[in-house]
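Right, one structure below, let's go through it.
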Amino acid sequence: MAASLRLLGAASGLRYWSRRLRPAAGSFAAVCSRSVASKTPVGFIGLGNMGNPMAKNLMKHGYPLIIYDVFPDACKEFQDAGEQVVSSPADVAEKADRIITMLPTSINAIEAYSGANGILKKVKKGSLLIDSSTIDPAVSKELAKEVEKMGAVFMDAPVSGGAARSGNLTFMVGGVEDEFAAAQELLGCMGSNVVYCGAVGTGQAAKICNNMLLAISMIGTAEAMNLGIRLGLDPKLLAKILNMSSGRCWSSDTYNPVPGVMDGVPSANNYQGGFGTTLMAKDLGLAQDSATSTKSPILLGSLAHQIYRMMCAKGYSKKDFSSVFQFLREEETF
């Protein structure tokens, strides 16, 4: 692997790890019966909070899977459902010519593709490699160059939307436009929107911009709700008013951060599940790096980055990023 890739990964300082899903109770195999005669296997690497339901949706659409995850327990329910589990990313590449990776950080992606047992050790010519991780756009570009040397195709396709289980995701795809249709075939099984953004790295760029705005709007919603509550307003009433007024946003009307305002969101479950604070801090770090390299002012994005880094340092790293409301409530001197 080229030294430049390792330097890019190390320089970003992205040493966060995602919290992994535990296998759900009940028979998963029962809901994944399918006819596989006309579909060739798809490799899937990374079965964390997002990768797990994404892989399940591929199964539901009739694709047999070749599975790998660094945590063997994450593979068990897939193995029980009849899917093939292998011992390394290289083994996935040996058995599948279409592979999707969903990993936490740039460093993890570099290792999966270019490590001692990485995909590039056994990748077949003509293979389509789709990386749905959220990583540094520069790393995506370097990986694409290494993949191209092996006669294969690399596309970045990070996701947004949060509803991986229901398949209601948006994929932002960067790569050679002639290969987009092939990628769309697979990504359309896992998401309701698959958008071509341009050359390799543009998918990551779109995702970084989206998540920076999401972090800013979540902090703003949390601040507004906290202020209103301290002024004596009922939180449900305040949320209702915000959501019929000009302050309305996704963080207020779909993912409200105040416990008791909405059902079915992390704030209703002690901020468990959802999108972790650690990963939001990581994505904001990517935005900060990109802003520095392009000389773009991101005043609110930089402040959001510092807030989420503080949260990680004060015990919120495994909670959903909407726990910023709880953090603000507890930070009396903030």
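Filter the stretch 138-154 for residues that are over 15 Å from Ile45 (Cβ atoms) and either in a loop (DSSP other than H, G, I, E, B) or not polar (S, T, N, Q) (or both) and give the result.
Listed by number, the residues that qualify are Ala138, Val139, Lys141, Glu142, Ala144, Lys145, Glu146, Glu148, Lys149, Met150, Gly151, Val153.
Sort through Ala291, Ala239, Ala287 and tell me the only one that's over 23 Å from the mean Cα position of the chain (by Cα) and in a helix (DSSP H, G or I).
Ala239
So, Lys295, is that one touching a strand residue (DSSP E or B) at 6+ places or on another chain (Cβ under 9 Å), of a type outside the set (A, V, I, L, M, F, W, C) and more than 16 Å from Leu213 (Cβ to Cβ) or not? Steps first, answer last, please.
On the way: touching a strand residue (DSSP E or B) at 6+ places or on another chain (Cβ under 9 Å): no; of a type outside the set (A, V, I, L, M, F, W, C): yes; more than 16 Å from Leu213 (Cβ to Cβ): yes.
Taking the combined requirement at face value, the residue does not satisfy it.
Quick check on the stretch 307-334: of everything there that is of a type in the set (D, E, K, R) and either assigned to a helix (DSSP H, G or I) or within 25 Å of Ser140 (Cα to Cα) (or both), which residue is least open to solvent (accessible area, probe 1.4 Å)?
Here is the first cut: in the stretch 307-334, the residues of a type in the set (D, E, K, R) are 309, 314, 318-320, 329-332.
Those still in the list that are either assigned to a helix (DSSP H, G or I) or within 25 Å of Ser140 (Cα to Cα) (or both) too: 309, 329-330.
On the way: Arg309: 119, Arg329: 91, Glu330: 112 Å².
Top of the filtered list is Arg329.
Among the residues of the stretch 282-306, how many are among the acidic types (Asp, Glu) and open to solvent by less than 50 Å² (accessible area, probe 1.4 Å)?
Result for the stretch 282-306: 1.
Does Val195 count as surrounded by fewer than 19 Cβ atoms within 10 Å (Cβ to Cβ), under 10 Å from Ala157 (Cβ atoms) and touching a residue at least 12 places away in the same chain (Cβ under 8 Å)? Before you say what the answer is, go through the steps one by one.
Numbers: surrounded by fewer than 19 Cβ atoms within 10 Å (Cβ to Cβ): yes; under 10 Å from Ala157 (Cβ atoms): yes; touching a residue at least 12 places away in the same chain (Cβ under 8 Å): yes.
It is true that Val195 is surrounded by fewer than 19 Cβ atoms within 10 Å (Cβ to Cβ), under 10 Å from Ala157 (Cβ atoms) and touching a residue at least 12 places away in the same chain (Cβ under 8 Å).
Identify, from the list Ala313, Ala304, Ala287, the residue that is among the small types (Gly, Ala, Ser) and free of Cβ contacts under 8 Å to residues at least 12 places away in the same chain.
Answer to the check: Ala313.
Residues of the stretch 267-281 being open to solvent by less than 10 Å² (accessible area, probe 1.4 Å) and either over 22 Å from Ala138 (Cβ atoms) or of a type in the set (D, E, K, R) (or both), which ones? Before the answer, list the steps.
Start the filter on the stretch 267-281 by keeping residues that are open to solvent by less than 10 Å² (accessible area, probe 1.4 Å), which leaves 267, 271, 277, 280-281.
Residues satisfying the conditions are Ser267, Tyr271, Thr277.
Just one of (1) buried (at least 18 other Cβ atoms within 10 Å of the Cβ); (2) out of contact with any Leu (no Cβ under 6 Å at 6 or more places or on another chain) trips up Phe171, so point out which.
Checking Phe171 against (1) buried (at least 18 other Cβ atoms within 10 Å of the Cβ); (2) out of contact with any Leu (no Cβ under 6 Å at 6 or more places or on another chain), the one that fails is (2).
Determine whether the stretch 221-233 contains at least one residue that is touching an Asp or Glu at 6+ places or on another chain (Cβ under 7 Å), in a loop (DSSP other than H, G, I, E, B) and open to solvent by 20 Å² or more (accessible area, probe 1.4 Å).
Initially, the stretch 221-233 is screened for residues touching an Asp or Glu at 6+ places or on another chain (Cβ under 7 Å), giving none.
No, the stretch 221-233 contains no residue that is touching an Asp or Glu at 6+ places or on another chain (Cβ under 7 Å), in a loop (DSSP other than H, G, I, E, B) and open to solvent by 20 Å² or more (accessible area, probe 1.4 Å).
Is it the case, given these coordinates, that Ile135 is open to solvent by less than 30 Å² (accessible area, probe 1.4 Å), closer than 16 Å to Gly43 by Cα and outside any helix (DSSP H, G or I)? Steps first, answer last, please.
Numbers: open to solvent by less than 30 Å² (accessible area, probe 1.4 Å): yes; closer than 16 Å to Gly43 by Cα: no; outside any helix (DSSP H, G or I): yes.
So Ile135 fails the test.
The values are calculated or read from the model by the stated rules, or taken from the named source; none is laboratory data. Everything numeric here is computed off the predicted structure, so don't read it as measured data. Counting neighbours? That spans all protein chains shown, and the Cβs are built from the backbone with ideal geometry, glycine included. Each accessible area value is taken on the protein alone, full model and side chains, heavy atoms only, with ligands, DNA and RNA left out. Shrake-Rupley method; radii C 1.70, N 1.55, O 1.52, S 1.80 Å.
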